[in-house]
1. For residues in the range 238-249 being open to solvent by 30 Å² or more (accessible area, probe 1.4 Å) and part of a loop (DSSP other than H, G, I, E, B), which is farthest from PHE281 (Cα to Cα)?
2. I'm trying to understand the selection: among the residues of the range 84-96, which are open to solvent by less than 40 Å² (accessible area, probe 1.4 Å) and more than 11 Å from TRP123 (Cβ to Cβ)?
3. For the range 63-81, indicate whether the set of residues that are at pLDDT below 95, open to solvent by less than 10 Å² (accessible area, probe 1.4 Å) and touching a strand residue (DSSP E or B) at 6+ places or on another chain (Cβ under 8 Å) is non-empty.
4. Considering GLY179, GLY192, which residue is on the phi > 0 side of the Ramachandran plot and of a type outside the set (Ser, Thr, Tyr)?
5. Could you list all residues from the range 173-212 that are touching a Lys or Arg at 6+ places or on another chain (Cβ under 8 Å), part of a loop (DSSP other than H, G, I, E, B) and open to solvent by less than 30 Å² (accessible area, probe 1.4 Å)?
6. Looking only at the range 305-325, which residues are open to solvent by 20 Å² or more (accessible area, probe 1.4 Å), over 11 Å from THR246 (Cα atoms) and touching a helix residue (DSSP H, G or I) at 6+ places or on another chain (Cβ under 6 Å)?
7. Looking at (1) touching a residue at least 60 places away in the same chain (Cβ under 8 Å); (2) over 22 Å from GLU155 (Cβ atoms), which is the only condition ASN240 fails?
8. Out of curiosity, is SER43 modelled with pLDDT of 85 or more, within 30 Å of SER234 (Cα to Cα) and surrounded by 16 or more Cβ atoms within 10 Å (Cβ to Cβ)?
Amino acid sequence: MNFRSILTGGTAALLGAGSVASMASAQDVSLSGATVEYVIPFSESGGSAAWANFYAPRLSGALPGEPTVVVRYRPGAGSTEGANWFQQNQGTSDGTLIFGTSGSTQFPYLLGDPRVRYEYNDWQVVLASGTGGVVYLPPELAERFDGDVDDLKDEFFLYGSQGATTLDLVPLLAFDMLGLMVDPVFGVEGRGDGRLMFERGEANIDYQTTAAYLSNVTPLVEEGSAVPIFTWGSLDDDGNIVRDPTFPDMPTFKEVCEATEGCETEGVAWDAWKAFFISGFAAQKMIFLPGDASQELVDAYTESLRTVVSADGFADAAGDILGSYPQQTGDAARNAAEQATSITPEAKQYVIDWLQESYNVSVE
């Protein structure tokens, strides 16, 4: 994998002849008076909602004609229902429909889940957003965390989950590698619903993506009802897991794994976890146009999003809401999308076997 292409930004345009031609064609597009439906296949309380609502007004102001961009929610089956719906609406090629995916959309696709009726290769990516995630506990359990989880292995944990083949695959596999006894309660519609279970005392371990953590969990931390213990980490230019730039004072899962008895950071289990971490976080959220949208529309969206992410003040605003992660357009977004929707046969088979053995979940 070319990890450098994931992490280097796509916000700077090198204006060769092809780029100039694309900009010219994009200028022929106008969405004046139109309403763009920005469809998210999750509930309105999770990280994808925060991400979409951050981008929607900025995209509205940057698109030619300044159309109204409205976020719509189509939750169900861990985002599979919404993605299937988008696949069925590929004929909406006038620029008034865009779709936001997450790792929970990518994972069933990677695993060959039979519920999947969508094909990423049919869609046209215009933005790829990296993100992170934070695991947190109630304060009485967090007191027993001292850099490893050895003192928590006798605790019985409940975790609200969208499903074993959604983005929750990353935490569930991590918890298993750490030797924690975590019983997932499957069926929640989004990570926001998992957080609400934690708030109500129905779950005693949770994780949220960075956007949702910053907006919804930080108040819980400040009032003392939640304590973060580690992040999933981030990738450096060489593909090594390093500390999350948004949470540099928190250890990564890799650090905790290395400190915990029985958890290994090499071998097939680690390779599988890292593969899904890359798919689920390095390019976790992406915006797509339908496959039959014209090149002019794709160029218009690409240039508009490039304008958004390179605007003065964007980095500071994104840091407060989304965290300090790459926001990629153009070739960088296409390369990130390709890597986020690809997997080695060995990693795929390991996870398929683990899902069957751990949760009696078959994806074949």
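1. First, the residues of the range 238-249 that are open to solvent by 30 Å² or more (accessible area, probe 1.4 Å): 238, 240, 242-243, 245-246, 248-249.
With part of a loop (DSSP other than H, G, I, E, B) added as a condition, the list becomes 238, 240, 243, 245-246, 248-249.
Values: ASP238: 16, ASN240: 14, ARG243: 13, PRO245: 13, THR246: 13, PRO248: 17, ASP249: 19 Å.
Only one residue fits best here, namely ASP249.
2. If the condition is that a residue be open to solvent by less than 40 Å² (accessible area, probe 1.4 Å) and more than 11 Å from TRP123 (Cβ to Cβ), then ASN84, GLY95, THR96 are the ones that fit.
3. Yes, there is a match, as at least one residue in the range 63-81 is at pLDDT below 95, open to solvent by less than 10 Å² (accessible area, probe 1.4 Å) and touching a strand residue (DSSP E or B) at 6+ places or on another chain (Cβ under 8 Å).
4. Details: GLY192 fails: on the phi > 0 side of the Ramachandran plot.
Checking each option against the conditions leaves just GLY179.
5. LEU180, the sole residue that qualifies.
6. If the condition is that a residue be open to solvent by 20 Å² or more (accessible area, probe 1.4 Å), over 11 Å from THR246 (Cα atoms) and touching a helix residue (DSSP H, G or I) at 6+ places or on another chain (Cβ under 6 Å), then THR307 is the only one that fits.
7. (1)
8. Working: modelled with pLDDT of 85 or more: yes; within 30 Å of SER234 (Cα to Cα): yes; surrounded by 16 or more Cβ atoms within 10 Å (Cβ to Cβ): yes.
Considered against the rule, which asks whether it is modelled with pLDDT of 85 or more, within 30 Å of SER234 (Cα to Cα) and surrounded by 16 or more Cβ atoms within 10 Å (Cβ to Cβ), SER43 comes out as yes.
The values are calculated or read from the model by the stated rules, or taken from the named source; none is laboratory data. Remember, it's a predicted structure, so these values are computed and weren't measured experimentally. Glycine gets a Cβ as well: all are built from the backbone with ideal geometry, and neighbour counts include every protein chain shown. All accessible areas refer to the heavy atoms of the entire protein, side chains included, with ligands and DNA or RNA removed. Shrake-Rupley method; radii C 1.70, N 1.55, O 1.52, S 1.80 Å.
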